[in-house]
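Contents: one structure, followed by commentary.
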Amino acid sequence: MTDNTEVLERITPNLPRRVIAAGSLGALGALLVLIAATHPPSDIGFSLFLILVGLGSLWLAVTLWRVSGRVLELTREELREQEGRVLARLDNVAKVDRGFFAFKPAAGFRLSLKDKAPSAYAPGLWWRRGRMVMVGGATSGTQSKAVADLMSILIAQQRGEL
């Protein structure tokens, strides 16, 4: 008998990718706020726009840094965050797509679900909307590929194709 909660594979976020992503957003936010403070445009609306977008970018950079440090785990039943938040159950996955021309994040893959799932977002790591789950961004390409391939095998086994 197999243990369905055993972790088969992990995706650990890549530190250089996290630094570049969070650093770029943080630099953009700081630059926009600096421009609004040192060389304010004559239009107050545009000044407010620069400040709001700058502060939003800074907030997103901090959120991306915090969230993209989480580890994803694949078990025989689900793909989840290490803390337990489920991205997708394998019995609900219709297709795993990591092809060259697939609409997917950098160094990642796309899951097409059979049934809709609630929307969720972990910047730089994964997001889910409707019947689509995207995994990638700050993740390691080799680990993402291994998880996607293993998921395809597990799904084929569940369907009796292997």
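Residue by residue through the stretch 119-129, note down the ones that are farther than 9 Å from Leu87 by Cα and either modelled with pLDDT of 95 or more or among the polar types (S, T, N, Q) (or both).
Ser119, Arg129
State yes or no: is Arg70 within 30 Å of Leu154 (Cα to Cα) and assigned to a helix (DSSP H, G or I)? Write out each step before concluding.
Values: within 30 Å of Leu154 (Cα to Cα): yes; assigned to a helix (DSSP H, G or I): no.
No; evaluated as a whole, the condition is false for this residue.
Return a yes/no flag: does the stretch 79-87 have any residue that is buried (at least 21 other Cβ atoms within 10 Å of the Cβ) and not assigned by TED's automatic domain parsing to the domain that holds Ala22.
There is at least one residue in the stretch 79-87 that is buried (at least 21 other Cβ atoms within 10 Å of the Cβ) and not assigned by TED's automatic domain parsing to the domain that holds Ala22.
Cβ-Cβ below 8 Å, separation at least six or inter-chain, first residue in the stretch 85-97 and touching a residue at least 12 places away in the same chain (Cβ under 8 Å), second of a type in the set (Ser, Thr, Tyr) and assigned to a helix (DSSP H, G or I): which pairs?
Pairs found: Val96/Ser152.
Pairs under 6 Å by beta carbon, first residue without any contact (Cβ under 8 Å) to a residue 12 or more places away in the chain in the stretch 67-83, partner of a type outside the set (Gly, Ala, Ser) and surrounded by fewer than 18 Cβ atoms within 10 Å (Cβ to Cβ), six or more apart or different chains?
The qualifying pairs are Arg80/Val86.
Name the residue, out of Asn4, Asn14, that is surrounded by 14 or more Cβ atoms within 10 Å (Cβ to Cβ), at pLDDT below 95 and either farther than 28 Å from Gly141 by Cβ or not small (Gly, Ala, Ser) (or both). Walk me through how you get there before you give the answer.
Values: Asn4 fails: surrounded by 14 or more Cβ atoms within 10 Å (Cβ to Cβ).
So the residue among Asn4, Asn14 that is surrounded by 14 or more Cβ atoms within 10 Å (Cβ to Cβ), at pLDDT below 95 and either farther than 28 Å from Gly141 by Cβ or not small (Gly, Ala, Ser) (or both) is Asn14.
The values are calculated or read from the model by the stated rules, or taken from the named source; none is laboratory data. Note that the structure is predicted; figures quoted are calculated from it, not measured. A quick note on method: Cβ atoms are made from the backbone with ideal geometry, for glycine too, and the neighbour counts reach across all protein chains shown.
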